[in-house]
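Heads up, the thing below is written out as structure tokens.
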Ligand SMILES: O=C(O)c1cc(=O)[nH]c(=O)n1[C@@H]1O[C@H](COP(=O)(O)O)[C@@H](O)[C@H]1O
């Protein structure tokens, strides 16, 4: 999916919501555990109930890898279900990869070709030659960690290097890489006060913003400082939506939670 198509969907649905499919078998309704593939059954019900309210889904691969072959199979079924039934949805493999060049190429093939995701999250720590192999894929997007939502972000990312915060250097440097137009960036919703500075460096890029809901980030603050002329934001909520109920009505309650966020977004878009 191109960025222009994503913006079109945002305008059509009046939503820039991304729903995180971080499936933990200890947190899903018990009756699903009898299903042949409980993870996929859970995802399918969530997708069926919420796809009209969001523009993206983000399965975090850790939650699938933790269940071995069965988990990977459920991830494959989930992305295939989305691509077959909802090609208008932007898909994010939250895998946070990045390695020496030839290895990164294989990671990119895994998520862009074998699993046919639109995008993958990548950690920039190994530098240019670890990220460029992802950027080489046309109409695919590499979502690089910019400033993360967790407390540990202050351990390295905000430290001064030659008088400048490291995360700013990373953002600036990434703009010089080949096919940098395929980059998007992760900025945690808990770091909304940094967004004005971040927008000075990357005014036009899309930002994936996790951390609203369970981590306490605020949607209004993120939009105030992070939104650009083409919206430029995908706001992710995982636990706050998918685990809002552990009963049989979980998908309906998830849709209610998604609707609350979508309504807030529609209001922001209308002013
Ligand atoms: O790359 C991410 O998506 C990510 C980056 C970050 O800085 N913080 C962060 O929470 N995430 C992911 O976003 C999701 C947040 O989930 P909830 O806190 O349950 O909404 C998880 O899948 C995290 O791994």
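A short reminder: the numbers here are calculations on the coordinates, not readings from a lab. Owing to the predicted nature of the structure, the values given are computational and were not obtained by experimental measurement. Reconstructed Cβ throughout: ideal geometry from the backbone, glycine too, with neighbour counts over all protein chains shown.
Miscellaneous remarks
- Spatial separation of Cα centroids for region 51-66 and region 248-271, in angstrom: 17 Å
- Each of residue 155 and residue 84 was given a label point 7 Å from its Cα along the Cα-to-Cβ line. The distance between the two points is 4.2 nm.
- GNM flexibility winner over the chain from 67, 167, 57 (Cα, springs under 10 Å): 67
- Of 28, 47, 242, the residue with the greatest mean-square motion in the GNM of the chain, using alpha carbon springs below 10 Å, is 28.
- Using alpha-carbon coordinates, inclination of helix 3-13 to the longest axis of the chain, degrees: 50 degrees
- Helix 250-270 and the longest principal axis of the Cα set of the chain meet at an angle near 40°.
- Choice from 145, 166, 21 showing the highest fluctuation, given a GNM over the chain with Cα pairs closer than 10 Å: 166
- In region 60-151, the inverse of the mean reciprocal separation of distinct Cα atoms equals 13.6 Å; this is its Kirkwood hydrodynamic radius.
- Theoretical ellipticity at 222 nm over the chain - DSSP helices of four or more residues, -39500 (n - 2.57) apiece, nearest 500: -12500 deg cm²/dmol
- Counting only DSSP beta bridges whose two residues both lie in region 120-271, roughly 15 percent are antiparallel.
- Equivalent ellipsoid semi-axes - Cα gyration tensor, region 125-271, angstrom: 29, 17, 16
- What the Kirkwood sum gives for region 1-134 is a hydrodynamic radius of 15.6 Å, with every pair of different alpha carbons counted.
- The angle between the Cα long axis of helix 68-85 and the main principal axis of the chain comes to about 90°, on a 0 to 90 degree scale.
- Along its first, second and third principal axes, ordered by size, the chain spans 56, 46, 34 Å in Cα coordinates.
- Where both bridge residues fall in the chain, DSSP classifies roughly 10% of the beta bridges as antiparallel.
- Spatially, region 1-49 and region 165-241 are offset by 22 Å when compared through their Cα centroids.
- Long-range tail of P(r) for region 1-72 (Cα pairs > 19 Å, %): 43 percent
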